[in-house]
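Q: Could you have a look at this structure, given as structure tokens, before my questions?
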Amino acid sequence: MKSLLTFFSFLIALFLSIPASGERLDDPYIGKRLYQSFCLVCHGPNGDTKGPLAKKLGLKPPNLTKQKYQKKSIDEMAKIIGGYGRVKGDIMPVWRNALPEVNIKHIAAYLAVIKSKSLRFRGNKRKGRLIFKSSCSACHGPTGTGNGILAKLIGAPMVDFTKTGSIEHLNDGQLVKIIRDGKDSFMPGWKGTLNSDEITDVAAYVKSLGK
């Protein structure tokens, strides 16, 4: 029964990971989600350590952040992931037998930026959206337009995050710092209420609103 549930879980994850028609063939953000679903279990969350399955089976997956892999093109990495040109004894799955080529390209694109410190790749904006709605919408509004009920009641001016140019002057570090430590008279610091990962996720979501 357990193996059957595992099989169906894999099929569901595979179905959800297939991008809609018309998406670019090498989108690193899509690749990050796919990496987390299929690769993290062996290569670890950042590509540079053993994931839980690798530890369980005593495997030694390669460090994907090393120059050997970082200098390869997206097409070259896609071929490796797909299983082309493998040496005898390589136990890495032949992913072309399970994933469509477009998803393999997405994963390869993400591996090219896996060392990036950008919020686009460090934060999970889907999780950030949920945290924003539960913790930030009272002031900033449910969609970040700055019209939250509490803000209106206390007369606090709020930025419309959905407006182009509203926070582009802030770099990633500055945005994270404001959410963590607070700013001015009304913006509270969320350190201690949200952990560092949650703060990063919220920042990633806010950063995406104006685009």
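Q: Taking only C-alpha pairs under 8 Å that are 6+ residues apart, what is the relative contact order of the chain in percent?
A: Value for the chain: 19 percent.
Q: Report the convex hull volume per residue for segment 98-157, counting only C-alpha atoms, in Å³.
A: Spread over its residues, the Cα hull of segment 98-157 gives 115 Å³ apiece.
Q: Run the helix sum for the chain: -39,500 (n - 2.57) per DSSP H stretch of 4+ residues, divided by residue count, reported at 222 nm to the nearest 500 deg cm²/dmol.
A: Helix-only estimate at 222 nm: -14500 deg cm²/dmol.
Q: Here is a follow-up. Counting other Cβ atoms within 10 Å of each Cβ, which trypsin sites (Lys or Arg not before Pro) in segment 96-164 have at most 11 and sit in a DSSP loop?
A: 117
Q: Counting pairs of Cα atoms in the chain, how many percent are more than 21 Å apart?
A: Details: 13488 of 22155 pairs.
Value for the chain (Cα pairs over 21 Å): 61 percent.
Q: Between helix 2-17 and the chain, what is the angle of the helix's C-alpha long axis to the longest principal axis, kept within 0 to 90° and rounded to the nearest 10?
A: 60
Q: A further question follows. Under a Cβ-Cβ cut-off of 9 Å, what is the net charge of the residues other than residue 80 that fall near it, where Lys and Arg count +1 and Asp and Glu count -1?
A: Net charge in that neighbourhood comes out at +2.
Q: Right, next: Quick one: pull the percent of accessible area on the chain belonging to carbon and sulfur, 1.4 Å probe, ligands and nucleic acids left out.
A: After summing per-atom areas, the C and S share lands at 58 percent.
Q: Can I ask one more? Per residue, how many Å² of accessible area does segment 80-211 show with a 1.4 Å probe? Could the numbers behind the result be given before it?
A: On the way: 7610 Å² over 132 residues.
About 58 Å² of surface per residue is accessible.
Q: Cα axis of helix 125-135 to longest principal axis of the chain: angle in degrees, 0 to 90, nearest 10?
A: Approximately 30 degrees, to the nearest ten.
The values are calculated or read from the model by the stated rules, or taken from the named source; none is laboratory data. The model shown is predicted, which means the values in this text are computed figures rather than measured ones. Cβ: placed from backbone, ideal geometry, glycine included. Neighbour counts: every protein chain shown. Surface accessibility is based on the protein's heavy atoms, side chains included, excluding ligands, DNA and RNA. Shrake-Rupley method; radii C 1.70, N 1.55, O 1.52, S 1.80 Å.
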